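Accompanying notes for the structure given below.
Quick note: the coordinates plus some simple rules give every number you see, no bench work behind them. Since the model is a prediction, treat every value here as computed from it, not as a measurement. All Cβ positions, glycine included, derive from the backbone under ideal geometry; neighbour counts span all protein chains shown.
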Amino acid sequence: MNYRNTILAIAIALSATICLTGCFTLDTADIHATGEEHICVGNSGWYLFHFIPLACGNASEDPLMPWIFFRNDVTMDKIQHRFMNYANFYSKKTRDMNYYTRESVLLEIPGTDFMIPIPYILTYKEVQLSGVLK
Amino acid sequence: MKLAAAILACALVSGCATVTVSREGATMVNIENSGWYLLNFIPIASGNPARPNSCTTRLFSKTVTLENNVKMLDKVIHDEGAVAVRDINSFTIDEHVMLILLKRHSYHTSAQLLMKDDLEDTKLEGISTILPKEF
């Protein structure tokens with residue numbers, strides 16, 4: 001019985017980690033009508049007291065892990081750096097660059113409507129940058 | 001209880017791909033594709049990018065991608081007869097239900113289409129002209 005409980009606990013912990021640690025994404029698609037490329041770069045993460053980074057997607061060029069702990073990779077600088085590196089690698093010019101950011105400052109258990117009405121304890125942040133490469 | 005279960009089951013297979021075009025003063029196109037995932041990664045159902053604005057759903061395939069949104073944009077560009085496009089913008093939204101048991105993932109793309117008349121009033125900087133069909 002203990003063995004089953006341990007496996008269950010590990011599975012829940014692993015699942016929660018994957019769910020809560022955020023994710024770095026770099027999506028690209030060719031726009032055939034114009035001969036250009038559309039790109040969307042995004043990252044998200046969790047913070048303690050709004051400033052202390054707990055976990056987020058790893059925005060490094062060659063990441064060992066898809067997540068990084070106690071480092072803030074959810075910044076415009078890091079996301080734009082990856083965006084511009086991609087553009088420079090293919091020697092393309094950038095255009096139509098737009099940021100989309102989202103913040104959640106109330107402690108909410110993901111997937112539930114339960115919210116503690118004290119803000120800035122555990123906060124979630126997401127930054128996305130989309131643009132066109134010509 | 002059975003009714004609630006039936007509604008939930010219907011909701012879970014109701015991924016949706018929609019293309020909306022507004023022609024009020026300017027031709028703006030908004031594209032959205034959404035789908036449901038089990039345990040964060042396993043696709044259950046998602047919108048059918050081949051037939052947007054219809055009640056068709058793709059089961060167990062990952063269609064909520066930037067590539068599919070851009071394909072739908074390509075089709076709208078040709079259908080509307082646009083000669084140029086600008087301000088292309090995309091973003092994603094994730095919503096979790098019961099921790100990681102279920103996730104709703106949606107991809108949004110918008111752009112402004114420029115018609116032949118619009119080009120006369122617009123500087124050519126910052127716009128993408130449409131290539132001939134052979135490209």
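Other protein chain C-beta atoms within 10 Å of residue C-beta, averaged over A:22-35: 6.
Let a ≥ b ≥ c be the square roots of the eigenvalues of the Cα gyration tensor of region A:22-133; is it rounded (a/c under 1.5), or, if not, prolate (a/b larger than b/c) or oblate? Prolate shape, in that a/c is at least 1.5 and a/b is the bigger ratio. Cross-link pairs exceeding 25 Å in C-alpha to C-alpha distance, out of A:K78/B:K103; A:K92/B:K103; A:K125/B:K103; B:K62/B:K116; A:K92/A:K125; A:K92/B:K62, comprise A:K78/B:K103; A:K92/B:K103; B:K62/B:K116; A:K92/A:K125; A:K92/B:K62.
Projected label points at B:I93 and B:L59, each 7 Å from Cα along the beta carbon direction, are separated by 2.8 nanometres. Between A:E61 and A:N5, the simple spin-label model (points 7 angstrom out along Cα→Cβ) gives 4.9 nm.
Note that region B:111-117 has calculated 3J(HN,Hα) couplings of 6, 10, 9, 10, 8, 4, 5 Hz, one per residue in order, obtained from phi through the Karplus relation 6.51 cos²θ - 1.76 cosθ + 1.60 (θ = phi - 60°); glycine and proline are x. Say the dipole of region A:22-133 comes from +1 at the beta carbon of Lys and Arg and -1 at that of Asp and Glu; which of A:P63, A:Q128, A:M76 then lies farthest toward its positive end? Ranked along the dipole, the leading option is A:M76. Averaged over the residues of peptide B:81-92, the number of Cβ atoms from other protein chains lying within 10 Å of each residue's Cβ is 6. Among B:V19, A:V132, the order by Cβ neighbours within 10 angstrom, fewest to most, reads B:V19, A:V132.
Which whole-number percentage describes the relative contact order of region B:12-118, with Cα contacts under 8 Å and a sequence gap of 6 or more?
Once normalised by length, the contact order is 31 percent.
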